[in-house]
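The structure appears right after this line, and notes come after that.
Where a number appears in this text, it was derived from the coordinates with a stated rule and is not lab data. A quick note: this is a predicted structure, and the numbers were derived from the prediction, not measured. Ideal geometry is used to build each Cβ from the backbone, glycine not excepted, and the neighbour counts take in all protein chains shown.
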């Protein structure tokens with residue numbers, strides 16, 4: 001694993017905590033439906049279809065156990081998280097942690113305009129969307145810094161709440177991926193749900209795969225990684241935090257699935 005971040009280190013014989021993260025994109029809004037750019041300036045609610053998508057995601061994930069819920073502080077993400085948590089008994093005693101670090105990417109002067117116009121701006125600049133920074137928007141490096149800060153913050157909270165020196169076992173063996181809602185979670189004691197936005201999730205996926213060398217699922221088309229997840233699309237990763245000299249560091253990571261939308265295809 002390439003050493004690209006201070007919280008990544010080689011795993012040796014450290015005490016370890018393995019946990020899962022399921023990223024969820026918010027449901028559809030009217031702006032999504034109309035092909036308009038929302039970004040950070042437009043805090044729109046879910047559309048009727050978006051509410052149905054969030055309901056479907058909630059039913060799909062209803063038996064998946066979560067220990068933490070982290071959510072963008074924007075309305076469309078909070079509404080999606082609330083719907084999923086309503087269906088999930090493991091969330092009955094959990095409180096969502098709303099975090100501005102999970103906000104959508106800022107698209108500057110393009111916000112409120114047509115998505116096609118943003119794509120045309122990118123094409124004129126010899127770039128593609130996502131990845132293009134319009135005037136007054138966030139650069140990819142700025143978004144990546146937000147991603148890194150959020151992950152660091154989440155790792156600290158998870159180790160603080162769930163570290164149990166006397167009850168931890170070795171890293172669980174990877175379980176088969178069978179197209180089920182709880183894929184990859186067999187023997188994994190802690191599981192965080194993170195509800196955020198399409199372009200932000202795109203940057204999370206790039207950071208985890210390209211910067212942290214996270215392996216993709218067998219047979220997964222890497223080209224799909226560079227696409228935006230569908231509304232209420234799901235991405236899941238298994239990570240291991242190790243303890244060495246009283247410091248907690250990320251020592252292992254793998255992707256279980258990416259951009260899954262089984263619940264909205266039915």
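Worth a mention:
- Sorted by Cβ density within 10 Å, fewest first, the residues 76, 236: 236, 76
- Along each principal axis, taking the top coordinate minus the bottom one, the Cα set of the range 94-245 gives 57, 33, 30 Å in descending order.
- Shape call, the range 21-139: gyration tensor on alpha carbons, a/c limit 1.5: prolate
- Counting DSSP beta bridges with both ends in the chain, the antiparallel % (nearest 5): 60
- Quarter of Cα convex hull surface for the chain, i.e. mean projection, nm²: 13.9
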